[in-house]
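A short worksheet on the structure shown next.
The values are calculated or read from the model by the stated rules, or taken from the named source; none is laboratory data. Nothing here was measured: the structure is a model prediction, and the numbers come from that model. Cβ atoms come from the backbone with ideal geometry, glycine included; neighbour counts cover every protein chain shown. Remember, those area values only see protein heavy atoms, side chains included, never the ligands or the DNA or RNA. Shrake-Rupley method; radii C 1.70, N 1.55, O 1.52, S 1.80 Å.
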Amino acid sequence: MKIVVITGSTKGIGLGLAREFLKRDCRVVISSRSLDAVQQVCADLEAQYGKGRVTGLSCDITDVAQVQALWDHACRCFEKVDIWINNAGISHARTMLWELDASELRQVVDTNVTGMMNGCQVALRGMRKQGFGCVYNTEGHGSNDMILAGMSVYGTTKRAVRYFTQALVKETEGSGVRVGVISPGMV
């Protein structure tokens, strides 16, 4: 039985991944910034897949202490983490850079880059200590060098995901921890 932590898993791709892992008899840890969303999704999934198979925690991935709390929660509930998926991410309005509000730009970069790095740092520390595990980062538009006007900031953050993941593959060689990407394409 695998234990899977998925950031950004109360909707979209993250929720879809959670359902698929539960269908395969895994235990899943749900997370989102919204406590209400986490509680609702956990209740829904528990009703569908059974008690004791899903838990969740509110987590803002831009805060490394909250990411560490997510790891600790998973280990407290399920004793280990086999798979950690950095799925949480946000986009911005499709607009040109000079029209984008500075706070929105910062939020996209903080979530998609710093948040993903926080997740990797916490998961890699924990997995290296336990001696095994897999970390996956979710790519998006821009990770394959496609350019779309009005999506410069989002695309840049997703290109950073690819580079960072490739660097981590090299950094973790021989450690017992595997690092890779999830590249869902258009959704």
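Things worth noting here:
- Residue in the range 140-152 that is assigned to a loop (DSSP other than H, G, I, E, B), of a type in the set (Asp, Glu) and touching a residue at least 24 places away in the same chain (Cβ under 8 Å) present: no
- Of the helices (runs of 4 or more DSSP H) lying entirely inside the range 1-82, not one is found with 3 or more residues being touching a Pro at 6+ places or on another chain (Cβ under 7 Å) and at pLDDT below 95.
- Thr55 satisfies every condition listed in (1) in contact (Cβ under 8 Å) with a residue 12 or more places away in the chain; (2) open to solvent by 30 Å² or more (accessible area, probe 1.4 Å); (3) hydroxyl-bearing (Ser, Thr, Tyr) except (2).
- Exactly one residue among Ala160, Ala167 is modelled with pLDDT of 95 or more, open to solvent by less than 50 Å² (accessible area, probe 1.4 Å) and outside any loop (DSSP other than H, G, I, E, B), and that residue is Ala167.
- Flag if Arg106 is closer than 22 Å to Leu57 by Cα and free of Cβ contacts under 8 Å to residues at least 12 places away in the same chain: no
- All of (1) out of contact with any strand residue (DSSP E or B) (no Cβ under 7 Å at 6 or more places or on another chain); (2) surrounded by 15 or more Cβ atoms within 10 Å (Cβ to Cβ); (3) β-branched (Val, Ile, Thr) hold for Ile147 with one exception: (2).
- Considering residues of the range 13-46 that are acidic (Asp, Glu) and more than 18 Å from Cys77 (Cα to Cα) only, the residue surrounded by the most Cβ atoms within 10 Å (Cβ to Cβ): Asp44
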